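Quick note: the coordinates plus some simple rules give every number you see, no bench work behind them. Just so it is clear, the structure is predicted and the values come from calculations on it, not from any experiment. Every residue, glycine among them, receives a Cβ derived from its backbone with ideal geometry; neighbour counts consider all protein chains shown.
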Amino acid sequence: MIEKKQLSEDKLLEKVTTTEYKYGFTTDIESDTIPKGLSEDVVRIISAKKNEPQWMLDYRLKAYKAWIEMEEPEWANVSYAKPNYQDIIYYSAPKQKPVLDSLDDLDPEMKKMFDKLGISINEQNKLANVAVDIVMDSVSVATSFKEKLGDLGIIFCSISDAIQDHPKLVKKYLGTVVPARDNFFSALNSAVFSDGSFCYIPKGIKCPMELSTYFRINEAGTGQFERTLLIADEGSQVSYLEGCTAPMRDENQLHAAVVELIAMDDADIKYSTVQNWYPGNAEGVGGVFNFVTKRGICYKNAKISWTQVETGSAVTWKYPSCILKGDNSIGEFFSVAVTNNFQQADTGTKMIHLGKNTKSTIIAKGISAGKSNGNYRGLVRIAKGATNSRNFSQCDSLLMGDKCGSHTFPYIEVKNNSSKIEHEATTSKIGEDQLFYCNQRGIGTEQAITLIVNGYCKDVLNQLPMEFAVEAQKLLEISLEGSVG
Amino acid sequence: MLKINNLKAGIEDNQILKGINLEIKTGQVHAIMGPNGSGKSTLASVIAGKEEYEVEGGEIDFEGTDLLDLSPEERAHKGVFLSFQYPVEIPGISVSNFIKTSINERRKAAGLDPMPAKELLRKLREKMELLSIKKGYLSRNMNDGFSGGEKKRNEIFQMAILEPKLSILDETDSGLDIDALRIVANGVNKLRSEDNATIVITHYQRLLDYIVPDFVHVLHNGRIIKSGGKELAHELEEKGYDWITKEADKKWD
């Protein structure tokens, strides 16, 4: 009988591991690619290709010099063969020069790809009222709704365009929240980032639509280093979403992004991520290394809310954080991180309380299946001057099968005695009992798992903008298809 | 409707059911009684198809199909319902969402479209009334934070909505106070019809004062050792189980 049970679990694991990655296609688009490897020259080439001003090149070179002195961090609870940084292509751009005003002029191959990704730009504009910026490999290829947003003074464009068209803003804020020297990957990104999104919401403006960026790695052997800078001026509001996919490739592809958010006094930023990079195959071959630095700063009464649904990537290293500098500012982090097969994730957040009466909330839900390893790592630091601050953390782990692992590493530092911190953590397994209960009510095992997982993630999924909550639910379903017997 | 023939089953090399024979016709209520560890809950689980039990022999004929050939969900689709002794919590899933999924999966198996929202809502309201369930209940999460009594009532609520052909009530009375017991029993009685049948598994005769059975069976050590009418339950209440179990033990040793 034990054998029988074992058999059904094996069957389950087999099924999980044979679930295919839906976005694993490549697109034949002619691209402008520079040779492999990283050197000062490469940094100069990238900057020159983008026709950047001197200050930008200086910024890059300074970052590059810092980077060559730095060591790749090893403290995360993940193990992988470190990428050979000289074997990566640091710049690849689709040759077609995008025409922003008329998407009809896009390369038909590229259009086909967008359709496969489920992004029909025009359709999506009409239906969901979402402005989309699409970054493929290294450059931004399409930004929609630019004009409508422009009427409100909102700037939403690729960071390359921003460097050309809004140099003052970029110069003033770039690297202020995540300095180039912050860590190994932020230094690398600062040296070689080739594109990403830029967004500025003027004082008192409530952005009337969701802003969205889709990132896609297409070219083989390329790294993607996108840079996002989002500034919400005093009293403004914005909701921003990013989605990511990549083709299936045998080698690991590096993705090292930096995202900086600036919420001025009374501003409100909601930043949601649905990360679905290629996770590698069932044997753990290939997949994206997702080493990302995301951080936001909140001034007085400001609020930053991070929501992430992380289902992809072979290795994830990511800690979207909030610096609560202004009094009464609020930081939130809502996360669902799924690992399956051989995926590894070390993800969480940092909440740095500096201002008085600052509040932070952390809800992290990990789901591990297959032979994967999921870790939550979080820091709550309350400075001496951050009196009457509060933090609530809840870290839950859900295990499927008996070959996966899950760990929680909470760090708490409190320097005053008027603040209050609560931390809750649970670990559970999708029980045979729960499954049988659903089965007995006529609900098959696959659907039962979806139901149970969705219930488990509800607090986080509820934070996503409506249009994407459904997408995220489907993604969870696909990621865990066939997870139990 | 249900014919169990020489059913033998156990768990991890430990045979628990040692040859059960039982026949149930539509319109009937059968009570299965017996001391702790006699195999009552195992029987319920095996009929419903819980995987951890290994069936070593026999058959469970349900309207011409051997249930043993079917998965638990297929058995549910055919109209077999188990009211759990320990209902399971499913955090984050509302009662209404769970029941909707349950109904529609069953309809899908029967080749029907999902139930229209209006019809579903009407049905939910009607059955809530039947079981004196308060407003707000549908949006609570499945059994999450429910009291023992609420969990049991939730089982009978699902039974009322799903309208199964065969209902198995596994120790539905345990954990219920007398008022809750009355409401639950009353609900079960209202659901009784000429087209369905019920198996009531209980330790005590108390429940059978409210749900009056047509037949009573005593299960002991994996076998039905005595069957009779409802008066058997009273006799057991008076004299305990010893007088029959001792006799049976002699016979089987």
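In order along segment B:41-53, the phi-based Karplus estimate (6.51 cos²θ - 1.76 cosθ + 1.60, θ = phi - 60°) of 3J(HN,Hα) comes to 5, 4, 4, 4, 5, 5, 5, 7, x, 5, 5, 5, 8 Hz; Gly and Pro are listed as x.
Of A:VAL338, A:VAL43, A:VAL274, how do they rank once you tally other Cβ atoms within 10 Å and put the fewest first?
A:VAL43, A:VAL274, A:VAL338
Summarising the label geometry, the points placed 7 Å from Cα in the beta-carbon direction at B:ILE178 and A:ASP265 lie 6.9 nm from one another.
In order along segment A:147-156, phi translates into HN-Hα couplings of 5, 4, 5, x, 4, 8, x, 7, 9, 9 Hz, rounded to whole numbers, per the Karplus curve 6.51 cos²θ - 1.76 cosθ + 1.60 with θ = phi - 60° and x for Gly and Pro.
Going by neighbour counts of Cβ atoms within 10 Å, the residues A:SER329, A:SER194 line up, fewest first, as A:SER194, A:SER329. Partner shielding of B:79-90 amounts to 3, given as the average count of beta-carbon atoms from other chains within 10 Å of each residue beta-carbon.
May I have the convex hull volume per residue, in Å³, for the Cα set of segment B:124-253? Intermediate values should be presented prior to the final figure.
Values: hull volume 16.0 nm³, N = 130.
Convex hull volume per residue, Cα atoms: 123 Å³.
Of A:HIS255, B:HIS203, B:HIS30, the sequence from fewest to most neighbouring Cβ atoms within 10 angstrom is B:HIS203, B:HIS30, A:HIS255. Residues whose amide H lies under 5 Å from that of A:TYR278, counting only those 5 or more places away or on a different chain, are A:ALA246, A:VAL288, A:SER313; hydrogens are built 1.01 Å from N in the peptide plane. A straight line joining the Cα centroids of segment A:313-342 and segment B:1-37 runs 53 Å. In chain B, the DSSP beta bridges split such that about 55 percent are antiparallel, to the nearest 5.
Taken as Cα centroids, segment B:38-58 and segment A:56-92 sit 59 Å apart, rounded to the nearest whole angstrom. Could you name the lysines in cross-link range of A:LYS36, using Cα to Cα under 23 Å and dropping any fewer than eight places away on the same chain? Candidates past the 8-residue exclusion: A:LYS49, A:LYS50, A:LYS62, A:LYS65, A:LYS82, A:LYS95, A:LYS97. For segment A:69-78, putting each phi into the Karplus relation 6.51 cos²θ - 1.76 cosθ + 1.60 with θ = phi - 60° gives couplings of 8, 9, 9, 5, x, 10, 6, 5, 7, 9 Hz, in residue order, rounded to whole numbers and with x for Gly and Pro.
Return one quarter of the surface area of the convex hull spanned by the alpha-carbon atoms of segment B:2-252, equal to its mean projected area, in nm². Don't skip to the answer; put the middle values down first.
Details: hull surface 54.4 nm².
That works out to 13.6 nm², a quarter of the Cα hull's surface.
Less than 5 angstrom separates the built amide H of A:LYS420 from those of A:SER389, A:ARG390, A:ASN391, all sequence-distant by 5 or more or on a different chain.
The helix-based estimate of mean residue ellipticity at 222 nm for chain B, built from -39,500 (n - 2.57) per DSSP H run of four or more residues and divided by its residue count, is -12000 deg cm²/dmol to the nearest 500. For B:LEU169, the amide hydrogen comes within under 5 Å of the amide hydrogens of B:SER83, B:ILE199, B:VAL200, B:ILE201, counting only partners 5 or more places away or on other chains and with H modelled in the peptide plane. Global dimensions of segment A:269-337 from alpha-carbon coordinates: Rg and Dmax equal 14.7, 49 Å.
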